[in-house]
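Engineer: Structure below; questions to follow.
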Amino acid sequence: MTSRTLLSLPAIVHESRHWRLPLCDSSVLALLEALAEKTNTDLARNLCATLSADPALAIWTVWQVAKTRPQANPSPPSFTAEFPQSITLLAAWLAPRLLQLLDWCDAPAASELSSDQHGKFAALVAESIGAAQHALRVAGRENALSEPCYLAALTTRWQEWLLAANNSEAGPVAAWPAWPLTAPAADNSTYPVARPAADEAWRRWLVEIPGIHKTLPALAAQLRRLVELEQSFAERLQTAKLESLKEFAYGAGHELNNPLANIASRAQTLLKEETHPERRRRLAAINTQAFRAHEMLADMMLFAHPPRPVWEQVDVTALVREVLAGLAEQAAAQQTTLQAPTRIEPLPIVADAAQLRVALRAVCQNSLEALNQGGQVTIEVCRCDGVEGSTEQPTSAVQIQVTDNGPGIAPEIRDK
C-alpha cells in the first residue's frame, strides 16, 4: 500500500486528548506565501482564500479562537456570540497570530497517510466544499468569504469527524463544546450545482509538492526567532540609549551649572545697582532664564540618577496649579492658554512630590513646545477609586490628564 507524507497542523488539544489535522501541500504553499506578506491586512487577504478552500485549516483556526476566549469553566472551550462567524472575520483574527500559532513545539510535524486515508480526507474536503457552496445557493448568497453559512457548512462535517474520531479512539467526551456555527439543512437535489467546486477541491488536495512538508515548520521557527531577536535588540537599544542620555545629562549638569551660576549672580549684582526700568527688566529676564536653564539641567540630572522616592502626602490639585504657575510666563509669551483644573478642593495622594512635579512639568512643556504659538493646554485631575468628596484621606490613585489642541506626535518620531 502506497503512502504519502503530509504536514499536520499543530495538534488540537482538548482535555488530555490530541487531534492532528492534515494540511495539503497546496495549503502549505499558500501559508508560506502568506508569511511573506508585509502587513496584517495583506496577510488576512491571503488567508481568506486559503481558509475558504481548506476546511481542515478553517476548523483548526476555529479551535484556536475557542482556546483564547475567556471562560468561566475552562473545559471545554466555549464559543461566544463574539465568535468570528465568517471566513473574512476568521482570517482577520488569524492574521496577527499565525506565526505564533504555527508552533509544533518540537512535536513531529509530518505524518504518513496511506492511500486509503488520503482518499478519505480528499473525499471529506470535497464534500465540505460542496456543502459550503450548496449553503450559499440555499441562502441566495454569492460572497463565500463574508457569509456565516459558508463557514458553518465548511466546518460542520469536520467537527463531526473530530467527534467521531474522539468516540472511536479515546471514548466519548462528556462535555464536548456545542459547535458555534449552524449549517443550513442539506438538500441533496441541488448538490450537483456545487459539484465543480468540490472537484476543484479534490484536485487541490491531490497536488503533491515533494519536501514542502519540511519547509513551513522550519520557516515559522526561523521567523519567530527573528521576531524575538528584533524585540530583544529593540529593548537593548532602548536601554543603551537611556544609559547614554543619563551619562550626557549628568555630565552636562556638572559642566553647565557653574557658568549658569556666574551668569545669574552677575545679573543679580547688576540688578541691585541698576535704576533704569528697561535695563532692570532685561537683567531680571537674564536671571530668570539662567535659573530656568538650571532647572532644566536639574531635571535631566534627576532623570540620570533618580533618587529613591520620598513618600509623603501630596495635594495633587495644589501641585498641578504650582506647575502651571511656573509655566505661565512661557505660555503668555507664546499666547497659549493654560487651563487649570476645574477641581478646587484638595486631592491628597501618597507620592513623591518632587518626581511627580518633574514628570508633570515635562508633559506640559511638551504641549507648549508642540503648540509653539497660540492654542490651549488643559489639565484635569480626578480620583480613580470612584470615591468623591473626601479631602482628608489620601486616595489610592489619581488621574492627571493633559490635553492640548496641537498637531500631535508625528509617526516618524513617536518611538523616540
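Engineer: By the scheme Lys and Arg +1, Asp and Glu -1, what is the net charge of all other residues having a beta-carbon under 11 Å from that of Ala353?
Structural biologist: On the way: positive: Arg357; negative: Glu312, Asp315, Glu322, Asp352.
Within the 11 Å Cβ shell, the charges total -3.
Engineer: So, one more: Quick one: accessible surface of Asp299, probe radius 1.4 Å, all protein chains present, in square angstrom to the nearest 10.
Structural biologist: Only protein atoms counted, so the area is about 50 Å².
Engineer: To one decimal place, what orientation-averaged projected area in nm² is obtained for the convex hull of the Cα set of segment 199-339? Walk me through the numbers on the way to the answer.
Structural biologist: Numbers: hull surface 78.9 nm².
Result: 19.7 nm².
Engineer: When the helix-only estimate is applied to the chain (DSSP H runs of n ≥ 4, each -39,500 (n - 2.57), divided by the residue count), what is the mean residue ellipticity at 222 nm, nearest 500 deg cm²/dmol? All intermediate terms of the calculation are to be shown ahead of the outcome.
Structural biologist: Numbers: 13 runs with 238 residues, N = 416.
Value at 222 nm, helices only: -19500 deg cm²/dmol.
Engineer: Then there is this: Suppose accessible area is computed on protein heavy atoms with a 1.4 Å probe; arrange Leu47, Leu32, Leu245 from highest to lowest.
Structural biologist: Of Leu47, Leu32, Leu245, the descending order of accessible area is Leu245, Leu32, Leu47.
Engineer: Which option, [x] 23.8; [y] 27.7; [z] 22.7, is the value of Kirkwood radius over Cα pairs in Å that was calculated from these coordinates?
Structural biologist: After the calculation, the listed value that fits is [y].
Engineer: Tell me which residues come under 5 Å, amide H to amide H, from Arg343 once H is placed; ignore anything under 5 positions away on its chain.
Structural biologist: Val381
Engineer: Highest mean first, what order results for 408-414, 3-9 on Cβ atoms within 10 Å? Before the final figure, lay out each step's value.
Structural biologist: Values: 408-414: 8.3, 3-9: 19.4.
Peptide ranking by packing, descending: 3-9, 408-414.
Engineer: On a C-alpha basis, how far is the centre of segment 230-276 from the centre of segment 321-337 in Å? Whole number, if you could?
Structural biologist: Using only Cα atoms, the two centres lie 22 Å from each other.
Engineer: Right, something else. Where in the chain are the helices, taken as whole DSSP H runs, whose Cα atoms extend 18 angstrom or more along the long axis and whose Kyte-Doolittle mean reaches at least -1.0?
Structural biologist: Working: long enough: 40-53 (20 Å, 0.15); 55-68 (20 Å, 0.71); 115-139 (36 Å, 0.19); 148-169 (31 Å, -0.18); 215-273 (84 Å, -0.23); 277-304 (40 Å, -0.27); 316-333 (26 Å, 1.04); 353-371 (27 Å, 0.59).
Helices meeting the span and hydropathy rule in the chain are 40-53, 55-68, 115-139, 148-169, 215-273, 277-304, 316-333, 353-371.
Engineer: Nothing charged except the Cβ atoms of Lys and Arg (+1) and of Asp and Glu (-1): what's the magnitude of the dipole of the chain about its Cα centre? Round to the nearest 20 debye.
Structural biologist: The dipole magnitude comes to about 400 debye.
Engineer: Give, as a single signed number, the net charge of other residues whose beta carbon lies under 13 Å from the beta carbon of Gly375, with Lys and Arg counted +1 and Asp and Glu -1. Working shown, then result.
Structural biologist: Working: positive: none; negative: Glu369, Asp404.
Summing Lys and Arg as +1 and Asp and Glu as -1 gives -2.
Engineer: If you take every residue apart from Trp104 with its C-beta less than 13 Å away from the C-beta of Trp104, what net charge results, scoring Lys and Arg +1 and Asp and Glu -1? Before the final figure, lay out the partial values.
Structural biologist: On the way: positive: Arg20, Lys214, Arg224; negative: Asp103, Asp106.
Computed value for this residue: +1.
Engineer: Still on this structure, please answer the following. What FRET efficiency, computed as 1/(1 + (r/R0)^6) with R0 = 51 Å and r the Cβ-Cβ distance, is obtained for Asp106 and Thr342, rounded to the nearest 0.05? Write out the running numbers ahead of the final one.
Structural biologist: Values: r = 60 Å, r/R0 = 1.17.
With a Förster radius of 51 Å, E is 0.30.
Engineer: Could I ask something else about it? Considering all alpha-carbon pairs of segment 249-313, what whole percent are spaced by more than 13 angstrom? Please report the intermediate quantities before stating the final value.
Structural biologist: Working: 1373 of 2080 pairs.
Distances greater than 13 Å cover 66 percent of the Cα pairs.
Engineer: Moving to a separate point now. Which one, Phe233, Leu124, Ile413, projects farthest toward the positive side of the charge dipole computed for the chain from Cβ point charges (K/R +1, D/E -1)?
Structural biologist: Ile413
Engineer: Return the distance in nm (one decimal) between the two label points of a simple spin-label model at Thr403 and Glu230, each offset 7 Å from Cα along Cα→Cβ.
Structural biologist: In this crude label model, Thr403 to Glu230 measures out at 3.6 nm.
Engineer: Among the aspartates and glutamates, which have Cα under 14 Å from the Cα of Lys214 when same-chain residues fewer than 8 positions away are ignored?
Structural biologist: Counting by Cα, and skipping residues close in sequence, Lys214 has these aspartates and glutamates nearby: Asp25, Asp103, Asp106, Glu112.
The values are calculated or read from the model by the stated rules, or taken from the named source; none is laboratory data. A quick note: this is a predicted structure, and the numbers were derived from the prediction, not measured. Because the Cβ atoms are built from the backbone with ideal geometry, glycine has one as well, and the counts that use them run over all protein chains shown. Quick note on the areas: whole protein, heavy atoms, side chains included, nothing else; ligands and nucleic acids left out. Shrake-Rupley method; radii C 1.70, N 1.55, O 1.52, S 1.80 Å.
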